[in-house]
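Notes follow the structure.
The values are calculated or read from the model by the stated rules, or taken from the named source; none is laboratory data. None of these values were measured; they are calculated from a predicted model. So basically every Cβ, Gly included, is an ideal-geometry build from the backbone, and we count neighbours across all protein chains shown. Heavy atoms of the whole protein, side chains included, go into the accessibility calculation; ligands, DNA and RNA do not. Shrake-Rupley method; radii C 1.70, N 1.55, O 1.52, S 1.80 Å.
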Amino acid sequence: GLTDPGDDESERYHRVEEHRKVLRERLSRAQSFADWSEMTFALWGRSFAVLVLASAFAGLMAAMLNLQSGQEIGIWASISAYAQNAIVIYTLPLIAALAMRHSVSRSGQWHNAFRSSWVNWGFQLAEIWLATAAIAVVCTVAQDFASAMSRFGVEVVTARAGDVLLNSLLFNGPTALVGPTLAVGALVLIDAWESGRRRPGEAMVDAGVIQARMGRATLCTLVALGLVATVGRFSASLYANGADFASLSKMASWFFAKKWQFTFTAALTAMLIGAAVCVVIWGSLQGDYRSLVYPTAPGSKGQEGSTAQGPARGAAGQEGA
């Protein structure tokens with residue numbers, strides 16, 4: 001029991017207070033887990049909606065440009081293709097990356113990119129990128145197999161499974177890496193937002209510093225997306241057209257004469273989609289989930305000098321505690 005019959009009133013009081021303290025800590029950790037789980041899936045759900053809408057818009061623009069150039073392509077077919085690719089390439093790696101971050105954070109092993117050594121967070125993000133890249137490539141290959149089977153039949157695809165696999169890996173595999181790149185960029189953006197959490201013995205981080213970190217994380221993500229999309233589309237074009245890899249001058253002239261527009265469009269599309277996702281994540285973190293890291297009383301000024309959004313969650317902001 002909480003108390004023994006032989007205890008005096010003072011001992012019973014201290015024992016009850018100790019049990020209450022343990023109970024409050026356990027409830028706080030349970031609340032923290034529930035709050036961060038809610039945030040993880042909310043970020044993915046909102047990003048999912050934005051990704052599909054942005055990709056559908058990109059598909060619409062691509063169809064309109066093709067129609068203007070005299071190519072016959074269905075608008076709805078283009079929109080559907082872009083949306084399906086977004087689900088495979090972007091949303092699956094993103095939910096996997098967010099889930100891995102949440103799981104590692106709960107065990108207290110997550111290394112914030114703005115608060116720890118680059119060796120720790122660099123290897124950590126590299127592992128997540130490789131894992132999500134494997135997910136994106138495998139799902140892309142599966143999508144290509146399904147598409148080939150619907151067009152040519154199961155028997156034909158089965159007989160030439162090796163060729164289908166090679167074509168999928170060399171043509172669509174590199175372009176699928178933009179999804180893992182965006183997923184890792186989203187984690188860095190979350191790290192930038194969380195880096196302002198005040199810990200015992202540390203000075204308060206200015207709001208401008210947090211905003212600058214989040215801006216830098218967003219900019220690096222967009223640049224990385226542009227580079228990955230450019231390299232992926234360029235390598236896919238080389239494979240599709242059988243370009244001579246031994247001649248750099250021939251490769252350069254061929255690229256600037258025929259393929260730079262497609263590569264530029266792919267890079268711009270990836271950067272626009274990434275910008276839309278970063279804006280949604282940024283707004284969600286600073287608005288709906290600000291109190292997870294910067295708990296304040298209702299109506300009071302928070303750590304960043306703005307009015308709190310909703311009630312304070314107190315110790316619930318200590319993820320991974």
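Taking the criterion of being without any contact (Cβ under 8 Å) to a residue 60 or more places away in the chain and closer than 15 Å to Leu43 by Cα, the residues of the range 95-119 that qualify are Ile95, Ala99, Met100. When the range 131-162 is filtered for residues that are more than 23 Å from Val178 (Cα to Cα) and not hydrophobic (A, V, I, L, M, F, W, C), the ones remaining, listed by number, are Ser150, Arg151, Gly153, Glu155, Thr158, Arg160, Gly162. Of all residues in the range 129-151, those being farther than 27 Å from Ala186 by Cα and either in contact with a strand residue (DSSP E or B) (Cβ under 7 Å, 6 or more places away or on another chain) or exposed (fewer than 13 other Cβ atoms within 10 Å of the Cβ) (or both) number 3. Within the range 35-59, residues that are farther than 29 Å from Trp76 by Cα and open to solvent by 30 Å² or more (accessible area, probe 1.4 Å) reach no partner that is acidic (Asp, Glu) and modelled with pLDDT under 90 with beta carbons closer than 6 Å at six or more positions or on different chains. Taken over the range 97-122, residues that are assigned to a helix (DSSP H, G or I), hydrophobic (A, V, I, L, M, F, W, C) and open to solvent by 20 Å² or more (accessible area, probe 1.4 Å) amount to 6. Among residues of the range 278-293 that are farther than 15 Å from Val50 by Cβ and touching a residue at least 12 places away in the same chain (Cβ under 8 Å), those with a beta-carbon under 7 Å from a residue that is open to solvent by 10 Å² or more (accessible area, probe 1.4 Å) and hydrophobic (A, V, I, L, M, F, W, C) at least six positions away or on a different chain give the pairs Ser291/Ala308; Ser291/Ala312.
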